[in-house]
Structure formats: structure tokens, C-alpha cells
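Comments concern the structure below.
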Amino acid sequence: MAARLPCGAPGTHGGHFVVIDPATGEGFDAAPDRQPDELDAVVDRARTAWHGWRDDPVARRTALLAAADAVEAAGADLAPLLTREQGKPLAESHAEVARTAARLRYFAEMDHGPQRIADGRPVRSEIRWRPLGPVAAIVPWNFPLQLASAKFAPALAAGNTMVLKPSPYTPLATRLLGSVVSTALPEDVLTIVTGREPLGARLASHPGIRHVTFTGSIPTGRAVAEGAAASLARVTLELGGNDAAILLEDVDVEGIADRLFWAAFRNCGQVCMAVKRVYAPVRLYSEVVEALAQRAKTAVVGPGLDPGSQLGPVNNAPQLARVERYTNQALADGARVAAGGCRLDRPGYFFAPTILADVPAGSPVVTEEQFGPVLPVLPYGSLDEVVEAANSTAFGLGGSVWGTDLDRAETVADRLECGTAWINHHAELSLAQPFAGIKESGVGVAGGPWGLYGNLRPFVVHRQEEARP
Ligand code: NAD
């Protein structure tokens, strides 16, 4: 359905809401605007489907492997649609599709059979891992397919069913993904519901849901936890980050600059675990600012569907306004623009890749999450000072340390208060790795077997082996 709307204006059309292409700022399609009162029937069906799905691990494995094949086969439809609504370069959308299929295979093959507890007593005590029931998932717009699969692959492999709500900014590729995956699954095992608030709030607090797994911002995460408290459903929250990258005195600036730049700017900086602050020693400060600025000035910005584009637009109008607000505030606070610094003069939500130097440590672009193509670079004097600065925010998702002496870098990384610390890299995650933010960045663990067990409960059978008088 075509729809022409002013930039960023939300709108409805016959029970649908308009989806905007961020590369043009205009509506190009629409998604069903499901209402909160429709969720009762959806959750009921998910509960009914659970009774068959939970009991047959062999059928589950076969179905999830078939779903992975179906996702791969649908890549040519999924990836361009994802780019159209999200903005990212097409190659990155294809990578998201590939990761989604890989994740389905990874969890389909993961065993969660019974475990014996050996504690020396004359009893046979065994844990039988049981699924929880219908799980609700709520995800954001930065990696719609990858984050949806990070929810449904472990939850379904564990024997749960799922009702998943994508962001209203990116509902279309997830809806298509849901239909593709569902071709391999029994009916109602995975349901995608699209709609605007208060749909998510109702889903999080629905009494028929036994686990709410949420990825998004910290304020919404808090609201989700409050909603789920009504039914005391389990809550997993993967929230915002403000990752620091600390460059050490012995860093090879030119050698790492490309990696560091893209760790901050991939997906237009809209990555929870992107580098969001760079700390450079005073002696190297100008060199680091210059190296990053040079890359920001030469990065190719354009629509994600253009083959040459390395950076697409910001996903949506409120996010663009936020990026602009943080940048302007930093400039008002005394920062200097080393590259970029403003919107691009063209249709769509484009913002020039921006490097900010001489940013005061208290400016919101340093203390909060900009989630966009703007990177502050700050100088530091001593290691103690920089570790304290890196740990000084309410966030605790990731961090990185960059240098030539790897042991020394690891000693510094060990002092970071976060869930993952990288050395000479940032935001690299394998499917087998746990991912867990601390402080306000999250509750619970995603990834690897920990992600699977987050969707299971221990049922313990305790059998007395010896007769007692
Ligand atoms: P958001 O919190 O605004 O929205 C996330 C989802 O919650 C969307 O589907 C939205 O429609 C829904 N929602 C909004 N209000 C709700 C409510 N009251 N109750 C229930 N659901 C509600 O976040 P966003 O702007 O879409 O995403 C960006 C944020 O996500 C950033 O903070 C980023 O760091 C974070 N994020 C975290 C991770 C991680 O793994 N830690 C990964 C990706 C993104």
C-alpha cells in the first residue's frame, strides 16, 4: 500500500499504520495496527499450541532446522524489505538474515536433557528442564530480524511458544520472517503482532504470559518490568549501552582506526554495544581525533539500497532529532566538530558521520546513549582516571581496551564494569557467547546455553535410593 506522508508523521489507514522509508522520509507501506484487546485470543492460541510443541523435542529440532532453511531461501525478499524500513545497507540486511538462520540452527541442535545432581547423598536427584509456557518478546528497530531471532530461536527450542511484537518503525520484515518461519512450525507456535502502544504494554502485562523478554531502551525496560510484575512472569531485559573504548599509550592508531571507527558507526551507530565514547591518552589525542575524522569524512552515506552506501539514514524522525539535540548540546557545552556535525541536506533522515572533540565529560553525548552516528572523543591523563570515567555512567553493557601489549590491555579491560570487555575489538559476539549487561543495561543473560536456559525452569525429581528405618 503506497502512502505519502510528511517526514516522520505517524498515520493510520484502515486498521493499518504507515511504515516510513527512512531514506526518503515517506511512507511506503503499512502494517496491521493490532489492538491490545486482541491479545487475549492470541495468547490463548499460543497456550493451546504449547501443549503439543513442548512434548516432542525431536519434532522441534526438525521443525527449527527446516525453519532455518526457509529463512535462508527467503533472503532475497527479506533483506531488501529490511533495508527499506530500517535504512541499513543491503549487505548488512543480508548478514542479518544469515545470522537469523544460523541462530535457529544453533539452538535447534542444543540439548537440554536431564542433569543429575551429585552431592554425595544416597538419593537420585535429577533436574528435568521444562519450558515456561507462552513467552512474550518485544524488540526494537535497530536489528529487527536478528533481535527477533535472538528471542524466538532459544524460546522455541526450549519448548515454549512465543508472541513477538516488533517495533512499529520496522514491522514489515519481521512479519515476513514470521510467516517464513511459521511454514515449518505448527500453527500458533510463533505469532508476530504488529501495532503501536499500548500494544507492547498490554503484552508485557498479559496474565497468560510466563516470560517477558524485552530488548530496547532503559525507560521502556523499566515499564515492561513493572507490567510483568502483575503476573510475576520471568523478565529478561536487554537494554541500552554507552560503551567506552579506551586507547592505551602503546596503541597503533592507524592500525586500529578502521576497526574502531566501524565499531562506532556500523548501522549508523544504532547498535546497543557500539563504541559510544572514545578515550585517548593526551599525547595521542590529536592523532586519534584526526584518524577518526578522516574516516567520518570519507564514509559513503546514502540509501541502504544503493550498492555503494556504507552508512544509511538514521531509522526514524525522533531518533534523528535526538542525535541532533545531543550534538547541538555538546557544541553549546564547548565541543568542537572534527567531522560532520549536522543533518545532510537531502530528503530522509540522514545525519553526517560526526566526530566531536574537546567534549566536556558531563555533556549528555558522553553520559547518555546517543544511539546514532555521533562519536565524542575525550582525552585522559592517567589509567585510574580513564577507568573511573569509563565506569562512571549508569550503563554497563560493554567496553574495550586497545593497545599493543595485550596483557597490559587485558589488565585494564578486567577493571571495566560491564558484561563484555573486548581487547583491540568491539561488539564482536558469537552465538555461543553469553551477553549480559550489568547496572541499568540489563537483567538476565542472552546467547549460548545461558540464553536457552533463560527460557527453561528446573523441575527437580528427588528419589530416595536407600530404604531408611
Ligand atoms: P524502545 O524502548 O523505545 O522500544 C523497544 C520496543 O518496546 C519497541 O517494540 C516499542 O514499540 C516497545 N514499547 C514502547 N513502549 C512500550 C511499553 N510501555 N511497554 C512495552 N513495550 C513498549 O527502544 P528503541 O528506541 O526501539 O530501541 C533502541 C534501544 O534499544 C537503545 O537503548 C538500544 O541500546 C537498545 N538495544 C539494546 C540491545 C541489547 O541487547 N542490550 C540490543 C538492541 C537495542
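Just so you know, all these numbers are worked out from the coordinates, no wet-lab data involved. None of these values were measured; they are calculated from a predicted model. Cβ sites come from the backbone with ideal geometry, for glycine too, and all protein chains shown count toward neighbours.
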Next on the checklist: Less than 14 Å apart at the alpha-carbon level, and either on another chain or at least 8 residues along: which aspartates and glutamates does that give for LYS297?
Outcome noted: ASP258
Next on the checklist: Report the Cα centroid-to-centroid distance between segment 142-199 and segment 357-432 in angstrom, as an integer.
Outcome noted: 33 Å
Item to check | segment 243-423, Rg to Rh (Cα coordinates; Rh as Kirkwood inverse mean 1/r) | outcome: 0.95
Item to check | Dimensions (Å) - segment 322-456, Cα atoms, principal axes, largest first | outcome: 49, 40, 26
Checklist entry - How many nm is it between the label spots at ASP37 and ARG259, if each spot is 7 Å from the Cα in line with the beta carbon? => result 5.7 nm
Checklist entry - So, in nm, how far is label ASP56 from label ARG222 when the simple model puts each one 7 Å beyond its Cα toward the Cβ? => result 4.6 nm
Checklist outcome for this item: Rounded to two decimals, the Debye log10 I(q)/I(0) of the chain (Cα scatterers, no solvent) at q = 0.12, 0.13 Å⁻¹ is -1.05, -1.19
Checklist entry - For segment 171-223, what is the Kirkwood estimate of the hydrodynamic radius, computed as the reciprocal of the mean inverse distance between distinct Cα atoms, to one decimal in Å? => result 12.8 Å
Checklist entry - Measuring from label point to label point, each 7 Å out along Cα→Cβ, what is the LYS297 to GLU249 span in nm? => result 3.1 nm
Checklist entry - What lysines could a cross-link reach from LYS165, if we take a straight Cα to Cα line under 20 Å and drop same-chain neighbours fewer than 8 places away? => result LYS151
Item to check | All aspartates and glutamates inside 17 Å of LYS88 as judged from Cα atoms, apart from same-chain residues fewer than 8 positions distant | outcome: ASP21, GLU26, ASP77, GLU96, ASP306
Checklist entry - With θ set to phi - 60° and the Karplus curve 6.51 cos²θ - 1.76 cosθ + 1.60, what are the ³J(HN,Hα) couplings of segment 42-59 in order, to the nearest whole Hz, using x for Gly and Pro? => result 5, 5, 4, 5, 5, 5, 4, 5, 4, 4, x, 5, 6, 8, 10, x, 5, 5
Checklist outcome for this item: The answer for GLU26, listing residues at least 5 apart or on another chain whose modeled amide H is closer than 5 Å to its amide H, is ASP21
Checklist entry - Around VAL123, which amide H atoms from residues at least 5 apart in sequence, or from another chain, sit under 5 Å from its own amide H, with H modelled in the peptide plane? => result GLU465
Item to check | DSSP-assigned coil residues among GluC sites (Glu not before Pro) in segment 35-133, each with at most 15 further Cβ atoms within 10 Å | outcome: GLU109
Checklist outcome for this item: Dividing the helical contributions, -39500 (n - 2.57) per DSSP H run of n ≥ 4, by the residues of the chain yields a 222 nm value, nearest 500 deg cm²/dmol, of -11500 deg cm²/dmol
